[in-house]
1. Work out the FRET efficiency for S273 and E244 from their Cβ-Cβ distance, taking R0 = 35 Å, and round it to the nearest 0.05.
2. How do L82, L382 rank when sorted from fewest to most other Cβ atoms within 10 Å of their own Cβ?
3. Can you sort V313, V368 by how many other beta carbons sit within 10 Å, fewest first?
4. In what order do I260, I93 fall by count of nearby beta-carbon atoms within 10 Å, going from fewest to most?
5. Based on the alpha-carbon gyration tensor of the stretch 4-171 and its eigenvalue square roots a ≥ b ≥ c, which shape applies: rounded if a/c is under 1.5, prolate if not and a/b is larger than b/c, or oblate?
6. Could you tell me how far the Cα centroid of the stretch 90-131 sits from the Cα centroid of the stretch 215-253, in Å?
7. With an 8 Å Cα cut-off and a minimum separation of 6 or more residues, compute the relative contact order for the chain in percent.
8. Below 8 Å between Cα atoms, with a sequence gap of 6+, how large is the relative contact order for the stretch 185-382 in percent?
Amino acid sequence: MKTINDFNFNNKKAIIRVDFNVPLNEALEVTDTTRIEAAKPTISKILADGGSVILMSHLGRPKGVDAKFSLKHIVSKVNEVLGVTVKFATDCIGDETTKMVSELQNGEVLLLENLRYYSEEKEGNEAFAEKLAAHGDIYVNDAFGTAHRAHASTAIIAKHFPTTKCFGLLLAKEIESINNVLNNSEKPVTAIIGGAKVSSKIDVIKNIMDKVDNIIIGGGMAYTFIKAQGGSIGESICEDDKLETALEILAMAKEKKTRIYLPVDVIAADDFSETANTQIVPSNEIPDGWQGLDCGPQSNVAFSFVIADSKTVLWNGPVGVFEMKAFRKGTIEIANAIDEATQGGTFSLVGGGDSVAAVKQFGFADKVSYVSTGGGAMLEMLEGKKLPGIEAILN
Ligand code: AMP
């Protein structure tokens, strides 16, 4: 696996695909710089080598040119985080940009305008990729968040750099962490899979079944499993077309001797609201008119025991409606248990949009071994798929 550490960038122009798809507020100011900070080590190493850097990214989902999605809004934050003056090109291709690139000196950084102003980016257009490729001597992909897309800047471009393409430090670390969990992990390995829907995680559960010892299934998806086994789940979220699948997964787990843990008790509410009445009930005896919105105390204790006994932990998806104060205890208890296990030497990887939001919100982000930056990309890796952005560098 070639990374930027395998190259000396002295006098070279590096064209780097970064993920600067950062959140902006109404005043179009950056509200979270995590993604910019995450790319800093890669950029710093190239500048320290004596090279120059051309940064390309998408921002949001513009349909054509749309000032709201201009990367000009983030230039001052990139400046601030990197600690160098960042130049800005108002187009990602074209004569003016080509001129700016050719005038770029060693030690300088140029940020290109939003790649998705061109529909060619998402189409994986060859001619567009070739124009982007012309900007650099070495292609670096450091954007995990888009590694599962075969876009011009994430995959197609790589063919123009047969021997001069590599992973940035962030992307390399993402791949290493996920491989660490799936293939080189110290046992016992526990996966905690939560979130709203079974349908979005079926392939993940099936793929990890061979690689992990325990799977804790929490969150909304648990109710499909509980109903499939004959439980009463009241008004809890359920995918009735996935009841068979849930039974298949349970049978598969039994055959492979992978232990599946479902909540034994839940916090049931009489409304999907912060101010609903609540009661603790067995997870398979939820009364009509009530819905399970968080794991109950016995479940939390049981899950914490499993996590405490694990040497490797993977967590994707909250185990309750953590956005509402009344239903976040289960998710916090999972985070607590992972924090303690990590302090005792367990390798813990948290990924997927909502679990990352949860660990950040509750202040656990720096207490786990690794927080993944890419939701969809991580899920596809866990599903065992080959990611175009990764394959393009490896091949
Ligand atoms: P996902 O994007 O699939 O990871 O789902 C995350 C969402 O699942 C969060 O917004 C949670 O509020 C939601 N969720 C977790 N548990 C439940 C539940 N018991 N009922 C309804 N939604 C839930």
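1. On the way: r = 32 Å, r/R0 = 0.91.
Here the calculated transfer efficiency is 0.65.
2. Details: L82 20, L382 25.
Taking fewest neighbouring Cβ atoms as first place, the list is L82, L382.
3. On the way: V313 30, V368 22.
With the fewest neighbours first, V313, V368 line up as V368, V313.
4. Values: I260 17, I93 22.
Sorted ascending by nearby Cβ count, the order is I260, I93.
5. Numbers: a/c = 1.40, a/b = 1.13, b/c = 1.24.
Cα axes put the stretch 4-171 in the rounded bin.
6. Answer, in whole Å: 48.
7. Values: 869 pairs, mean separation 60.8, N = 395.
Result for the chain is 15 percent.
8. On the way: 435 pairs, mean separation 44.0, N = 198.
Across the stretch 185-382, relative contact order equals 22 percent.
Only the coordinates and a few stated rules stand behind these numbers; no lab work does. Treat the numbers as computed from the prediction; the structure is a model and nothing was measured. Here Cβ is always computed from backbone atoms with ideal geometry, including for glycine, and neighbour counts include all displayed protein chains.
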